[in-house]
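Trainee: Sharing a structure below in structure tokens format, with a few things to ask.
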Amino acid sequence: MIPISLYITMELVRLGQSYFMIGDAQMYDCNSDSRFQCRSLNINEDLGQIRYIISDKAGTLTENKMEFRRASVYGVDYGDSLQVTNQRSLVGQRWKLKPEVNVDPELVALLHADIIGEERIAAHEFFLSLAACNTVIPMTSKSTSNSSANEDHDVVDTIDYQGESPDEQALVTAASAYGYTLMERTSGHIVVDVNGEKMRLDVLGLHEFDSVRKRMSVVIRFPSNAVKVLVKGADSSMLGIIDMSSDHGCGAAESAKIKHATENHLTCYSSQGLRTLVIASKDFTDAEFEEWQEKYEEASTSLTERQAKLRQAAALIECRLNLLGATAIEDKLQEGVPETI
């Protein structure tokens, strides 16, 4: 027989354990100003028997606060030794940046170079892709500022970005830091402020990210009536569809050199625990656009196998791409995670 006093003793022991856990100073979280909370007294014994913990990374071991750290543009790595400023690219602008965005002066200088070469064109399309190839919604509000970058303006526009993916928000914020600010988004167009000049881009189609393709793309029409597809995705799905032919604008040898350098940068970023994406684009010919548009409209209105048909339409344009570069985003580990592991 089990004496009733044993049950009472066990409950008192569990209650005492919960008291010590709640009062443990090492379990206090200063960010939320909260102590450990014990909501059940019946799992203490189970906690003592744990030998292995299987956990995902994003949002569990990490803070889920994405910060843009490094970029590879046209085969050149930027942000390796960051002697950077948050204000240099903002002089004369009417928006404010989030403080976690670092700006590389060398990349800013490239974007504002007087000579328009292949590298500057690639950098321009790179940041335009970061601003346009996403599903982020910009939210604009008014605020006052006394910063030197906005000394001529008492009121500035503060733009916050709302989106399903914190990665996308970090990339759009980074594009804004370099002067490519997403100002407006509708189902039919987007407005990007490029160094003070607003550019309206018509959105002709959007292929959202999925686990099969591991990339997303947007087809846009420029004010010049040129049509281009902007693509971003995982390196495993992007590097195999880069155009390496001699028909490429910079030549086959230069394309191979840029791709090899970008692959090395991606390896370096990954070894540092950074989250990477590859950015690419392609100009449309009239024939390519008409073929894709027909397939896309048919797939968009299809009642059966819609996702499969959309993937087929995406395959028509997500090929023979011009490699622009790669991004590296940091998702910091939560406090104490390295020591715990």
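The values are calculated or read from the model by the stated rules, or taken from the named source; none is laboratory data. These figures come from a predicted structure and were not determined experimentally. Neighbour counts run over all protein chains shown; Cβ positions are idealised from the backbone, glycine included.
Trainee: Of the conditions (1) modelled with pLDDT of 80 or more; (2) surrounded by fewer than 18 Cβ atoms within 10 Å (Cβ to Cβ); (3) assigned by TED's automatic domain parsing to the domain that holds Glu254, Leu41 satisfies every one except a single condition; which number is it?
Mentor: All conditions are met except number (3).
Trainee: Tell me, yes or no, whether segment 280-296 has at least one residue that is surrounded by 15 or more Cβ atoms within 10 Å (Cβ to Cβ) and within 27 Å of Lys57 (Cβ to Cβ). Give the derivation first.
Mentor: Pass one, segment 280-296, residues surrounded by 15 or more Cβ atoms within 10 Å (Cβ to Cβ): 280-282, 284, 288-289, 291-293, 295-296.
Among the residues that remain, those that are also within 27 Å of Lys57 (Cβ to Cβ) are: 280.
Yes, some residue in segment 280-296 is surrounded by 15 or more Cβ atoms within 10 Å (Cβ to Cβ) and within 27 Å of Lys57 (Cβ to Cβ).
Trainee: For Glu294, which of the numbered conditions (1) in a helix (DSSP H, G or I); (2) in contact (Cβ under 8 Å) with a residue 40 or more places away in the chain fails to hold?
Mentor: (2)
Trainee: For the subset of segment 116-144 comprising residues that are aliphatic (A, V, I, L, M) and assigned to a helix (DSSP H, G or I), which member is farthest from the chain's Cα centre (by Cα)? Even if it seems obvious, please write down each step before you answer.
Mentor: In the first step, residues of segment 116-144 are kept if they are aliphatic (A, V, I, L, M); the result is 116, 121-123, 128, 130-132, 136-137, 139.
This time we only want the ones that are assigned to a helix (DSSP H, G or I), so: 121-123, 128, 130-132.
Values: Ile121: 21, Ala122: 19, Ala123: 17, Leu128: 13, Leu130: 8, Ala131: 10, Ala132: 12 Å.
The residue in question is Ile121.
So that you can scan it fast, the table gives a plain yes or no per residue for (1) assigned to a strand (DSSP E or B); (2) more than 18 Å from the chain's Cα centre (by Cα); (3) basic (Lys, Arg):
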position	(1), (2), (3)
Arg200	yes, yes, yes
Pro223	no, yes, no
Lys232	yes, no, yes
Met238	no, no, no
His260	no, yes, no
Glu263	no, yes, no
Ala280	yes, no, no
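Trainee: Name the single residue that is farthest from Ile137 (Cα to Cα) among those in segment 192-226 being modelled with pLDDT under 95 and of a type in the set (Ser, Thr, Tyr).
Mentor: By that ranking, first place goes to Ser224.
Trainee: May I pose another question? Looking at Glu184 and the list (1) surrounded by 14 or more Cβ atoms within 10 Å (Cβ to Cβ); (2) charged (D, E, K, R); (3) out of contact with any helix residue (DSSP H, G or I) (no Cβ under 9 Å at 6 or more places or on another chain); (4) more than 19 Å from Thr158 (Cβ to Cβ), which single condition is not satisfied?
Mentor: (4)
Trainee: Let me ask something else. For residues that are out of contact with any Asp or Glu (no Cβ under 8 Å at 6 or more places or on another chain) and at pLDDT 90 or above, tally how many sit in segment 70-107.
Mentor: Of the residues in segment 70-107, 5 are out of contact with any Asp or Glu (no Cβ under 8 Å at 6 or more places or on another chain) and at pLDDT 90 or above.
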